[in-house]
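The values are calculated or read from the model by the stated rules, or taken from the named source; none is laboratory data. Just so we're clear, the structure is a prediction, and the values are computed from it rather than from any experiment. Virtual Cβ from ideal backbone geometry, glycine too; neighbours counted across all protein chains shown. Keep in mind that these areas ignore ligands, DNA and RNA; they rest on the heavy atoms of the full protein, side chains included. Shrake-Rupley method; radii C 1.70, N 1.55, O 1.52, S 1.80 Å.
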Amino acid sequence: MIGVLAEKKGDPWIAEFFEIFKTPWEEFHPRAHYDAVLANGQLGPETRLDTDLLIIYGRDKTGWDEKNGLEIQSSDNTALLSSPGGDLPIYCGFSRFYE
């Protein structure tokens, strides 16, 4: 099960996305265990997580980043993320993070 922690609770676009891919999900509940958590900047340092995989999206520094000592370098430019499996264009800005 995927837990989604989004800025807008009940956002119809989130439901539509997971319905298209026939993927089970629910709005994030702090006391639940998830195979994966997909979170935006609403993830604070006090948020309790019980998950096997955490994916944080957004390009601004979050409380989770601060708690875990990550430095964030943001850019408004476009970028191309390259991997052996292919390239992924990033159009609306991005961030790099460092420990």
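Some notes on this structure:
- Of everything in the stretch 17-31 that is of a type in the set (A, V, I, L, M, F, W, C) and touching a Ser or Thr at 6+ places or on another chain (Cβ under 9 Å), the residue that is least open to solvent (accessible area, probe 1.4 Å) is 28.
- Counting the residues of the stretch 80-96 that are open to solvent by less than 100 Å² (accessible area, probe 1.4 Å) and under 16 Å from residue 60 (Cβ atoms) gives 4.
- Residues that are loosely packed, with under 10 Cβ neighbours inside 10 Å and either closer than 24 Å to residue 97 by Cα or modelled with pLDDT of 80 or more (or both) occur at least once in the stretch 66-75.
- Whichever residue in the stretch 50-61 is surrounded by 11 or more Cβ atoms within 10 Å (Cβ to Cβ) and out of contact with any strand residue (DSSP E or B) (no Cβ under 6 Å at 6 or more places or on another chain) and, among such residues, is farthest from residue 4 (Cα to Cα): 60
- For the condition free of Cβ contacts under 8 Å to residues at least 60 places away in the same chain and either within 24 Å of residue 93 (Cα to Cα) or among the β-branched types (Val, Ile, Thr) (or both), residue 46 does not qualify.
Conditions tested, residue by residue: (1) hydrophobic (A, V, I, L, M, F, W, C); (2) at pLDDT below 95; (3) out of contact with any strand residue (DSSP E or B) (no Cβ under 7 Å at 6 or more places or on another chain).
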| residue | (1), (2), (3) |
| --- | --- |
| 5 | yes, yes, no |
| 11 | no, yes, yes |
| 21 | yes, yes, yes |
| 35 | no, no, no |
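- Tallying residues that are within 22 Å of residue 3 (Cβ to Cβ) and either part of a strand (DSSP E or B) or in contact with a strand residue (DSSP E or B) (Cβ under 8 Å, 6 or more places away or on another chain) (or both) within the stretch 62-79 yields 4.
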